[in-house]
1. Please list, ordered by residue number, the helices (runs of 4 or more DSSP H) wholly in the stretch 29-121 having 3 or more residues that are surrounded by fewer than 22 Cβ atoms within 10 Å (Cβ to Cβ).
2. Say whether the condition of being without any contact (Cβ under 8 Å) to a residue 12 or more places away in the chain and either in a loop (DSSP other than H, G, I, E, B) or at positive phi (or both) is met by at least one residue in the stretch 139-161.
3. So A109 passes all but one of these: (1) touching a Cys at 6+ places or on another chain (Cβ under 6 Å); (2) within 19 Å of F197 (Cβ to Cβ). Which condition number does it fail?
4. Filter the stretch 218-242 for residues that are in a helix (DSSP H, G or I) and either open to solvent by 10 Å² or more (accessible area, probe 1.4 Å) or not β-branched (V, I, T) (or both) and give the result.
5. Here is a list: D163, D152. Which entry is modelled with pLDDT under 95, of a type outside the set (A, V, I, L, M) and more than 17 Å from the chain's Cα centre (by Cα)?
6. Tell me, please, whether a residue that is among the aliphatic types (A, V, I, L, M), buried (at least 16 other Cβ atoms within 10 Å of the Cβ), outside any loop (DSSP other than H, G, I, E, B) and in contact (Cβ under 8 Å) with a residue 12 or more places away in the chain can be found in the stretch 163-176.
7. Residue under question is R141, and the condition is that it be under 16 Å from the mean Cα position of the chain (by Cα) and open to solvent by 40 Å² or more (accessible area, probe 1.4 Å); does it hold?
8. Could you please let me know if G150 is open to solvent by less than 30 Å² (accessible area, probe 1.4 Å), over 24 Å from T26 (Cβ atoms) and among the small types (G, A, S)?
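The values are calculated or read from the model by the stated rules, or taken from the named source; none is laboratory data. Not measured: the values here are computed from a predicted model. Ideal geometry is used to build each Cβ from the backbone, glycine not excepted, and the neighbour counts take in all protein chains shown. All accessible areas refer to the heavy atoms of the entire protein, side chains included, with ligands and DNA or RNA removed. Shrake-Rupley method; radii C 1.70, N 1.55, O 1.52, S 1.80 Å.
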Amino acid sequence: MTHRPLDPCRIGMLTPSSNTVLEPYTSAMLAPFGDAASAHFGRFRVVEISMSEASQSQFSLDPILDAAERLAEAHPHVIAWNGTSASWLGMDKDRALCAAITERTGVAATSTMLAYDGLMRGLGVRQLGLVTPYVGDIERRMIANYAAQGIDVVGAVRLDETDNYSFASYPPDRVAEMAARVAKARPDAIAIVCTNFRGAPIAARIEDATGIPVIDSVAVTAAHTLRKVGLDPARVTGWGSVFQRVATIAPVNQT
């Protein structure tokens with residue numbers, strides 16, 4: 001009998017260096033696929049989220065592409081920038097980054113914010129509830145960027161933190177309380193935007209209580225990349241409805 005070597009669907013993810021949430025959460029989300037799927041991570045330096053020059057320089061192209069090259073040596077089938085910087089820097093930033101990653105590595109590339117874009121377009125979201133750990137300057141830019149896409153942020157709650165590492169220290173119950181506050185505005189969806197924030201474990205609870213879809217950054221990236229490698233995101237349960245929604249809504253943005 002001839003045995004073929006194990007060749008799972010490998011999902012590569014570029015990760016902020018100070019992030020401690022997305023790796024364990026993503027691995028748990030992929031658990032239903034067993035050996036058929038695996039997640040692999042590359043890091044580049046991100047320690048502060050603000051509009052300061054030092055913070056914005058963290059998202060320059062060269063260090064991200066260097067990390068993508070190292071990640072590509074694991075032969076992933078897709079590489080995702082698992083971060084939300086385009087929510088305040090603009091979607092064109094991620095489109096350009098994904099094109100540059102593919103040009104450098106030969107691997108198809110996508111991002112968290114492109115995953116959000118495809119799902120929210122598919123859902124027809126026009127009014128959004130926004131939950132973040134960020135500061136006011138970041139939140140205002142995010143709201144302006146959503147407005148440019150025809151999405152009105154009708155409720156927003158933030159923590160006013162700048163230290164990326166600290167975002168993970170807030171327990172899921174605190175994120176749930178923030179989401180419950182924006183739910184009072186009855187948005188079409190609630191976006192918990194930050195891949196180092198513990199929104200995924202409480203998404204189902206908020207959805208059950210409010211009837212409003214909750215789109216967590218880690219969850220939507222995992223669902224989007226699963227679909228891109230040809231696996232059914234609907235097999236993932238316990239992290240809110242985002243996996244089932246990504247599985248059934250045709251993506252508008254194919255990146």
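1. Here the list reads 53-57, 61-72, 91-105.
2. no
3. In the conditions (1) touching a Cys at 6+ places or on another chain (Cβ under 6 Å); (2) within 19 Å of F197 (Cβ to Cβ), A109 misses (2) alone.
4. A219, A222, A223, H224, L226, R227, K228, P233, A234, R235
5. D163
6. Yes, the stretch 163-176 contains a residue that is among the aliphatic types (A, V, I, L, M), buried (at least 16 other Cβ atoms within 10 Å of the Cβ), outside any loop (DSSP other than H, G, I, E, B) and in contact (Cβ under 8 Å) with a residue 12 or more places away in the chain.
7. no
8. So G150 does not fit the description; no.
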